[in-house]
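*Asks:* Quick one: the structure is below, and I'll ask about it shortly.
The values are calculated or read from the model by the stated rules, or taken from the named source; none is laboratory data. Quick caveat: nothing in here was measured; it's all calculated off a predicted structure. Positions of Cβ are generated from backbone atoms using ideal geometry, with glycine treated the same way; all protein chains shown enter the neighbour counts. Remember, those area values only see protein heavy atoms, side chains included, never the ligands or the DNA or RNA. Shrake-Rupley method; radii C 1.70, N 1.55, O 1.52, S 1.80 Å.
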Amino acid sequence: MSASMSFHGEPSTWVHVHDYGTVHPPILALDGDGYHLTISVFESRSPADHKAFAESLAQTVAGYLAAVDRWAAVQTADTATTQDA
């Protein structure tokens, strides 16, 4: 089976964590007008699986942030150059 999904965050998108303490594993959630996305690992998986997934997610998000920072810096510089011309 294969699945593909796109999610486009907006200024109103709310990113948060459902933290259940030590009773259940946490769930990462993205909410906005008309949509709700949750990201987690099945509760039946081992704590090591949850930790490995969370670490991979954090590393990937850090890479995404770095790429956005590089892109935004060029966009800002291009806008300033265009306005100066």
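*Asks:* Only one residue in Ser56, Ser12 is of a type in the set (Ser, Thr, Tyr), open to solvent by less than 90 Å² (accessible area, probe 1.4 Å) and at pLDDT 95 or above, so which one is that?
*Replies:* So the residue among Ser56, Ser12 that is of a type in the set (Ser, Thr, Tyr), open to solvent by less than 90 Å² (accessible area, probe 1.4 Å) and at pLDDT 95 or above is Ser56.
*Asks:* Would you say Leu57 is under 19 Å from Phe7 (Cα atoms) and touching a Leu at 6+ places or on another chain (Cβ under 7 Å)? Full working, then the answer.
*Replies:* Working: under 19 Å from Phe7 (Cα atoms): yes; touching a Leu at 6+ places or on another chain (Cβ under 7 Å): no.
Judged against the criteria, Leu57 is not a match.
*Asks:* Now, a different point. So Ser40 ticks every box in (1) closer than 22 Å to Ser4 by Cα; (2) among the polar types (S, T, N, Q); (3) open to solvent by 60 Å² or more (accessible area, probe 1.4 Å) but one. Which box is left unticked?
*Replies:* Checking Ser40 against (1) closer than 22 Å to Ser4 by Cα; (2) among the polar types (S, T, N, Q); (3) open to solvent by 60 Å² or more (accessible area, probe 1.4 Å), the one that fails is (3).
*Asks:* Of the numbered conditions (1) in contact (Cβ under 8 Å) with a residue 12 or more places away in the chain; (2) open to solvent by 60 Å² or more (accessible area, probe 1.4 Å), Met5 satisfies every one except a single condition; which is it?
*Replies:* Only one criterion in (1) in contact (Cβ under 8 Å) with a residue 12 or more places away in the chain; (2) open to solvent by 60 Å² or more (accessible area, probe 1.4 Å) is unmet by Met5, namely (1).
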